[in-house]
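The structure under discussion appears below in the form of structure tokens.
The values are calculated or read from the model by the stated rules, or taken from the named source; none is laboratory data. What you see is a predicted model; the values in this text were computed from it and never measured. Cβ atoms come from the backbone with ideal geometry, glycine included; neighbour counts cover every protein chain shown. What goes into the accessible areas is simple: the full protein's heavy atoms, side chains included, and nothing from ligands, DNA or RNA. Shrake-Rupley method; radii C 1.70, N 1.55, O 1.52, S 1.80 Å.
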Amino acid sequence: MIHDDPSHPRRNEASGQGWQEHFVDQLAASKTHSVGEAVKQCVSYVTLSNFATVDEMQILHQAAMDVKTQFSNKQDDNNNDGTHVMGATVAAHYNCTRYSIETLLNSNAKSISAVFLNRLLRFLGHWEEEDETKEPIVDIMMSELGRMVFGHADWKNSTVKWYAEPDDTGTLHPEPKVNVYDIGGYFRIHEDGMDLTLLVVLNDSFEGGGTALYCHHDDDNDDHDEGESEIKTPDRIERAKSGTAIMGWFDEACGITNYEWTASDICRVI
């Protein structure tokens, strides 16, 4: 609920250990009581710095490139368009291939995916010290967000159900996926409709690109020519560095949609 009580003080973007809030709807987000409330209402999102290590990013990147090469060779040999590896509706993106870690990538990539999930759940509950004799560092604001996502802040008892998309053969490919954007590639404006979305940037050695966020979805902008790099002026563009995670509720019902594009090669895991 967005509060419009004159006695309720407006707040600024919040931050904490390893995270930073970003307002998408400046006015609406400033009227919320907390980060969790703003993210839940889809008027802000959070970035987690240094979420992925260099080694983890390289493992996921290489696993996706190996599968891309494998299917490219099959495409050459069998004249197969290979669209089934995308695990997403072709109309949803342009020059962007999606690889489900669970169904398409190697065991090393699966291990990194499990590490990411565990890291996110810990973050939404509490940061654990490497020294088990020390008390965990509790982040009240992120714990509140965790309770909104899972109904409680005890990450050890959290159950995650992955969203899955069918390919052109009807096979379901669950999240998380590694998105490989070729030159000029983009993912069309869309709402995720999930309880929580986490984007991890695996590569920032490119020009342009980013994740555009919109406070209100405009149906008139759904249809645009392939290769078009912009649809309308976004309310915010996030150009995070590699290793950064972008966490939010990207749902049209709440008011935020997102759009990803790039002018060069990029990998993301979502």
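Could you order Ile183, Ile101 so the one with the most accessible surface comes first? Probe is 1.4 Å.
Highest to lowest solvent-accessible surface, that is Ile183, Ile101.
Just to be sure I understand the model, the point goes 7 Å from the Cα along the line to the Cβ. What's the resulting Asn108 to Ser205 distance in nm?
It works out to 1.6 nm between the two label points.
Using θ = phi - 60° and the Karplus relation 6.51 cos²θ - 1.76 cosθ + 1.60, list the HN-Hα couplings for the range 45-53 in order, rounded to whole Hz, with x at every Gly or Pro.
9, 10, 9, 10, 6, 6, 5, 10, 7
What length, rounded to one decimal in nm, is gained on full extension from Arg122 through to Ala164, with 0.36 nm per residue of separation minus their alpha-carbon distance?
Separation in residues times 0.36 nm, less the Cα-Cα distance, equals 12.7 nm.
Going through the cross-link list Lys177/Lys241; Lys110/Lys161; Lys31/Lys177; Lys68/Lys110, which pairs have a Cα-Cα distance over 27 Å in this structure?
Violating the 27 Å Cα-Cα cut-off are Lys31/Lys177.
May I ask you to order 234-244, 186-196 by the average number of other C-beta atoms within 10 Å around their residues, highest value first?
186-196, 234-244
With every protein chain present, what accessible area does Lys68 have (1.4 Å probe, heavy atoms only), rounded to the nearest 10 Å²?
50
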